[in-house]
Structures are given as structure tokens and as C-alpha cells.
Amino acid sequence: MSDSELDVATSNQPAARLEAAPRRQHQAFTEEAVGRYRHEALLYSGPAEFLTGTTSFIRRAVDAGDPILVVVSRLKIGMLRKELGAEAVKVSFADMAEVGGNPGRIIAVWRDFVQDHAGASQLYGIGEPVEPGRSPAELAECQLHEALLNVAFDASTPLWLLCPYDLEALAADVIDEAHRTHPFVARGEDGKAHGSFRPVNLADPFARPLPPRPADSAYLAIQPGTLGKLRTVVAALAQRTGLDQRSATAIVQAVNEIATNSLQHGGGQGELHTWTDNQSLVCEVSDHGHITAPLAGRLPPTTDTTHGAGLWLANQLCDLVQIYSSPGRTAIRLYQNL
């Protein structure tokens, strides 16, 4: 993905009149991050502190001539453009709603950014996937995404990734989880390691409690020879729930891919459960497999293997994908917004 493709926000986005960030505060950022991977949370309270913390970080990159990608809301892109003025042309921006509406797509964007600037001595990034308005399922996937970012890059990758969290807008338990998923946490310019960080369990990265299905969810057994029936059932359900043609076709294809994985890698059989919640059609495919690759579905399959292609495709087709997996049991939940 090129810088021009990522630069999706226009310069005339609305922005509140906010206190300007001091021009040279970015010099206070620690030198420890330079030349290696650093995943850091930035805690801030309200728009003014957001601007102060992020523009200091951005100007550090701009002054050094280093590439920087900023993935935040369209409104905040407008605020940053206004604050940075002419310097904004040296920054690549992307709207988080487009890049990470499904958080399972975000790591691939950061990987592309690193690959597009291979050989650079230092790279900088700002990403804010956790914002008010996320559904509980989306928030859970944003938090899993933050945990998986810690294993998405080698320690030698020269990327400093800053993840802002708004103390005024987010619940206390969300801030607590930010401490657990970030090795470093900054308030203002002072980023430090801390004792609350908990690295992801590489043996069982998706071992987490599976929320119960609704009692009235529909059921279909997945067995050899039943994929045609499965596609018909999901297509009819998509039509009944009012999905448009594109979204309906996408969810049918995604369910077919995951069900095929169950037949090939999940013990030769599985189950499909479907229901609707307040905003989505949900299709859950479960089987007796066990997914242990932490970046499963988050990176495209390589040219020499198609392993993982189904989960990758599902993330591209669906508004949200959740993986729950432990030894002998896996459930994949696919969401398509109504």
C-alpha cells in the first residue's frame, strides 16, 4: 500500500480550535526506541492533550526525515493537519474507520508500511483503534489486536508505534487493558516500561471465554457434501435480514471458506450457528481444531502456501471476525453489519 493510497483524509476536515502543541516538545521523547521495535500506549485526556502528544511525536519523525503513518479517525486527521500546517504533507494519513473497522485488518497495514520503507533506519506510526462507539465484540478484537502487535514484528524492526487512549472517553477497564497489552505506556512525553504488561500466550493466543450464543440461534451440521446446503441457508438468511447484495455474497463466501477449513483441518466436521444481534448477522462455525498461529487471518498467505487463506479472506469479506480456540475446540464468529 503506497503513501498516496493511505493518504485518504482531506485537509478541510472539521476541527475544534485547540491549544497549540509546543513546537519542540518532541525532543523529550526517549532515545531508547530508535532503531528497534517499540509498541507504546499514549494516555491523554481530551483533544488538546491528544494534539500535544501526537504532534510532538509526528514532528520528531518529520524533522528527522523519517517516514510516519498516522491511522486515526477522520476527525482527528483533520485536527492534526490543521495543527501541523505545511508539515502535514510529509505525513501519511489513513482513516481508522476504513483501515481498521475490522481490527483484524490493521496489522497487515503496518506490515505493508514497514515493507514499503525497507531499509529505512527509523519508522514511526500512530494507531488509535480503541475509541468510544466500538461494540463490545469490536472492542474485544481491538484489544486482541493490540496484544498481537507485540509479536507482529521482530525486535530489530525500526518501528516506533504509538497507540493513543483517551482517559476522558474510555472506561477504566479499557485503560487497564491498555497497560496489559503495551510494554510501554506514556503520559505526556514520559514513556516507561511497567509491571502490568502481559505478553500474549503464544501456545494459545486465542484461548479466551466464548460468549454464549442466543438460545434461539439456528443450527446446521457441517459434514462432507453439505457445503452447498450451507451456502443456500446463509444466503437465504442474509436476504431475510436485509443485507445488500455485496454484503450477502461476502458473508456466504466467508462462511463457506471457514466451513471448508473445518472439513479439512478441524476433524472433518463442524457446526454452523447463526443469529442476529442489534447490529449484525452473526455466523459461528465451530469444530475440533486448534489454532495456535498468533497472526492467523491477519496476514495474507504467502506464495508458497495457501495455509491460512480462508481466515485471511474472511477478514477481508466481513465486518468483524473473532477466533476462539483451545485444544480440541475452535469457534470462528463472522459478523456482517445490517
- Query: Does Y124 qualify as being of a type in the set (F, W, Y), under 20 Å from T55 (Cα atoms) and either outside the structural domain of V71 (by TED's automatic domain parsing) or under 15 Å from the mean Cα position of the chain (by Cα) (or both)?
  - Reply: no
- Query: Say we look at the stretch 122-138 and pick out the residues that are acidic (D, E) and under 30 Å from P212 (Cβ atoms); which of these is surrounded by the most Cβ atoms within 10 Å (Cβ to Cβ)?
  - Reply: E138
- Message: Name the single residue that is farthest from H265 (Cα to Cα) among those in the stretch 293-327 being β-branched (V, I, T) and surrounded by 15 or more Cβ atoms within 10 Å (Cβ to Cβ).
- Response: V321
- How many residues are in a loop (DSSP other than H, G, I, E, B) and either outside the structural domain of A147 (by TED's automatic domain parsing) or at pLDDT 55 or above (or both) when one looks only at the stretch 21-54? 5
- Task: Test each condition in (1) assigned to a strand (DSSP E or B); (2) in contact with an Asp or Glu (Cβ under 9 Å, 6 or more places away or on another chain) for N261 and report the one that comes out false.
- Result: (1)
- Task: For R180, indicate whether it is part of a helix (DSSP H, G or I), basic (K, R), surrounded by fewer than 21 Cβ atoms within 10 Å (Cβ to Cβ) and free of Cβ contacts under 8 Å to residues at least 40 places away in the same chain.
- Result: yes
- Task: Run down A293, A314 and say which single residue is part of a loop (DSSP other than H, G, I, E, B), under 22 Å from the mean Cα position of the chain (by Cα) and among the aliphatic types (A, V, I, L, M).
- Result: A293
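The values are calculated or read from the model by the stated rules, or taken from the named source; none is laboratory data. Remember, it's a predicted structure, so these values are computed and weren't measured experimentally. FYI the Cβ positions are ideal-geometry reconstructions off the backbone, even for glycines, and counts take in every protein chain you see.
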